[in-house]
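As structure tokens, the structure follows; a few thoughts come after it.
The values are calculated or read from the model by the stated rules, or taken from the named source; none is laboratory data. Given the structure is predicted, the values throughout are model-derived calculations rather than measurements. Using ideal geometry, Cβ is built from the backbone for each residue, glycine included, and neighbour counts are taken over all protein chains shown.
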Amino acid sequence: MFTYPSTGILKMAATIPLAMLRENSEAVISEVKGGMGLTRRLAEMGLTNGAKVKVLHSAPPGPILVMVRGSRIAIGRGVAMKIMVNPPEGNIA
């Protein structure tokens, strides 16, 4: 969420699932939509709110290879659909 400086109006940033990002694009994790077990497991791997992620390899229907906090991690596509990110413009597949 951000505020337009001139008007003070709040606008929600677009969030998309991590699985929708193109290869070699970066984004910031905004939310993990899952139960406590999944959230904890992803947090232990460094995938937490505010973490910057880069998609290294993504070829459907296989897993997605991401770089987060200096580590390369393979994530299943179903799990990647539960990780919501704020991408820069133009990085959506």
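What the table shows:
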quantity	calculated
Failed criterion for PRO61 (all others in (1) in contact with a helix residue (DSSP H, G or I) (Cβ under 9 Å, 6 or more places away or on another chain); (2) at pLDDT 90 or above hold)	(2)
Candidates LEU18, LEU10 - the one that is modelled with pLDDT under 95 and surrounded by 15 or more Cβ atoms within 10 Å (Cβ to Cβ)	LEU18
The stretch 49-72, residues that are assigned to a strand (DSSP E or B) and among the basic types (Lys, Arg)	LYS52, LYS54, ARG72
GLY37 being in a loop (DSSP other than H, G, I, E, B) and among the small types (Gly, Ala, Ser)	no
Filtered residues of the stretch 49-72 (kept if out of contact with any Gly (no Cβ under 7 Å at 6 or more places or on another chain) and surrounded by 14 or more Cβ atoms within 10 Å (Cβ to Cβ))	ALA51, VAL53, LYS54, VAL55, LEU56, SER58, ILE64, LEU65, VAL66, MET67
Selection within the stretch 65-78 - in contact with a Lys or Arg (Cβ under 9 Å, 6 or more places away or on another chain) and modelled with pLDDT under 95	ARG69
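Matching residues to (1) in contact (Cβ under 8 Å) with a residue 40 or more places away in the chain; (2) part of a helix (DSSP H, G or I); (3) hydrophobic (A, V, I, L, M, F, W, C); (4) exposed (fewer than 15 other Cβ atoms within 10 Å of the Cβ):
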| site | (1), (2), (3), (4) |
| --- | --- |
| GLU23 | no, no, no, yes |
| GLU31 | yes, no, no, yes |
| ALA43 | no, yes, yes, yes |
| LEU47 | no, no, yes, no |
| ALA74 | no, no, yes, yes |
| VAL79 | yes, yes, yes, no |
| PRO88 | yes, no, no, yes |
